[in-house]
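Please treat every number below as a calculation from the coordinates, not as lab data. Note that the coordinates shown come from a computational prediction; the quantities given were computed from them, not determined experimentally. Cβ placement follows ideal geometry from the backbone for every residue including glycine, while neighbour counts extend to all protein chains displayed.
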Amino acid sequence: MKEGKLDFDDLRRIILNNKSVRRDEIVVRNDVGEDCSIIDFGNYEGVFSTDPITGANENIGKLAVHINCNDIASSGGEPIGILVTILAPVNSTLQEINKVMNEIDEEAAKINVEIIGGHTEVTSAVNKMVISVTVIGKNLKGKSVKTAGAKLGDDIIVTKTLALEGTYILINDYEEKLKKILSAEEIELGKSLINKLSVLEEGKIGGEFGVNSMHDITEGGLLGGLFEVAMASNTGFKISKDRIPILEITRKICEEFQIDPLRLISSGSMLITSENGEELVKQLKDKGIEASIIGKICDQDGILIDNGNEIKVEPPKRDELFNIRVEN
């Protein structure tokens, strides 16, 4: 099998069809594109999500906190606590495990999230350290935002710039190679992107604004996220390539590796669909968060407008991060 998430068809056939029990307390169940599961707890809703870190080698503790808490943010909820599982290969040291836990503790403290449990194990089942985090959050009853809420005519908004996480990972993993095409200042800029990977603030703003749908853009990049929103909402989308915000260093890196930035892992950017997108963009910018309207939710299959031409796009088979092949 190829690296990366299962494609949509396999996910539905193998994972989502194996659900025998359905309880009344469950408000949102796992489905393609849904970042969170939601449980009714009376006056509050419990919001839950889980994700591993497998595509990065550096600062995996920091990434684990933000990638998971971003899922809660996409529901408009507040992350409260995390459970951390660390699977370390047999050649690991206690210092390496301690470094990862220090990163997790430091980042969780920044967003007032408590480490409430987990599991740590040294095992020959992995050849590099793997972290999986489960995050528990809350929201007021009836206030949670779903991926599946997109409506025809909604503006499609993205925050910050695309492929932030992918850019950060590639600069850290291939720094020596990329020094040939990037300046020292660009390398430092790329490394600093780890500080832009949280979307908690835009999630809070979107929830208060009353958006129809929010989705944290992760594996599969912008196009993967859009297809997940569209499939969950039974809609389509049309976006304009010239409106999509991408850093120049991201373009350079993607050209070097011959990969598509629109299909590259993009934690740090929230995908939002809403009526009155211009007002939402204004509110985000007033809080110091860059945002762009890139298209509309429609009843067509995924369409990308490039130089006036409407191009039908297909969902990514896997993230571009896993398509990189570097010759020694």
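Things worth noting here:
- Alpha-carbon centroids, the stretch 132-205 and the stretch 5-73: separation in whole Å: 17 Å
- Three-way shape label, the chain, alpha-carbon gyration tensor, a/c 1.5: rounded
- Pairwise centroid distance, computed over Cα atoms, of the stretch 83-124 with the stretch 218-273, Å: 30 Å
- Largest GNM mean-square fluctuation across Q258, Q300, Q95, computed for the chain with C-alpha springs under 10 Å, falls on Q95.
- Table column - 3J(HN,Hα) (Hz), the stretch 15-21, Karplus curve with 6.51, -1.76, 1.60, x for Gly and Pro: 8, 6, 7, 9, 9, 7, 9
- Between amide H atoms placed 1.01 Å from N, distances below 5 Å from N212 occur with T273, S274, E275, all of them 5 or more places distant or on a separate chain.
- Using the rule -39500 (n - 2.57) for each DSSP H run of four or more residues, divided by the residues of the chain, the 222 nm mean residue ellipticity is -9000 deg cm²/dmol.
- Protection-proxy order for peptides 64-76, 31-43, each taking the mean of Cβ atoms within 10 Å per residue, highest first: 64-76, 31-43
- Zero-based 10 Å bins, Cα pair distances in the stretch 167-322, whole percents: 10, 38, 35, 16, 1
- Ordering G42, I60, L94 by the projection of their Cα atoms onto the charge dipole of the stretch 20-140, which places +1 on the Cβ of Lys and Arg and -1 on the Cβ of Asp and Glu, puts L94 at the extreme positive end.
- Long-range amide H partners of K138 with built H, under 5 Å: V47, E78, I80
- Loop-located trypsin sites (Lys or Arg not before Pro) in the stretch 14-67 (DSSP state other than H, G, I, E, B) with a sparse environment of at most 10 neighbouring Cβ atoms within 10 Å: K19, R22, R23.
- Among 118-131, 159-172, 241-254, 194-207, the order from most to least packed when residues are scored by Cβ within 10 Å on average: 159-172, 194-207, 241-254, 118-131
- A simple rule links phi to the HN-Hα coupling: the Karplus curve 6.51 cos²θ - 1.76 cosθ + 1.60 with θ = phi - 60°, which for the stretch 276-292 gives 6, x, 4, 5, 5, 4, 4, 5, 5, 5, 4, 9, x, 10, 5, 8, 9 Hz, with x for Gly and Pro.
- Expressed to the nearest 5 percent, the antiparallel share of DSSP beta bridges inside the stretch 20-140 is 75 percent.
- Of the residues V28, V47, V313, the one that moves most in a GNM of the chain with alpha-carbon contacts below 10 Å is V313.
- Cβ-placed point charges (K, R +1; D, E -1), dipole of the stretch 147-323 about Cα centre in debye, nearest 20: 60 debye
- The H on the amide N of V27, modeled in the peptide plane, is under 5 Å from the matching H of I38, I39, D40, each at least 5 residues off or on a different chain.
- Assuming charge only on the beta carbon of Lys and Arg (+1) and of Asp and Glu (-1), the dipole of the chain about its Cα centre is about 380 debye to the nearest 20.
- The chymotrypsin sites (Phe, Trp or Tyr not before Pro) of the stretch 193-252 include none that meets both criteria, a DSSP state outside H, G, I, E and B (loop) and at most 16 other C-beta atoms within 10 angstrom of the site's C-beta.
- Since only T123, L178, P261 are under comparison, the one whose Cα sits farthest along the positive direction of the charge dipole of the chain, derived from C-beta charges on Lys, Arg, Asp and Glu, is T123.
- Note on R29 and E121: the model spin-label points, each 7 Å out from Cα along the C-beta direction, lie 2.9 nm apart.
- Karplus 3J(HN,Hα) series, Hz, for the stretch 310-326 with 6.51 cos²θ - 1.76 cosθ + 1.60 (x for Gly, Pro): 8, 10, 6, 10, 9, x, x, 6, 7, 5, 4, 4, 8, 9, 7, 10, 10
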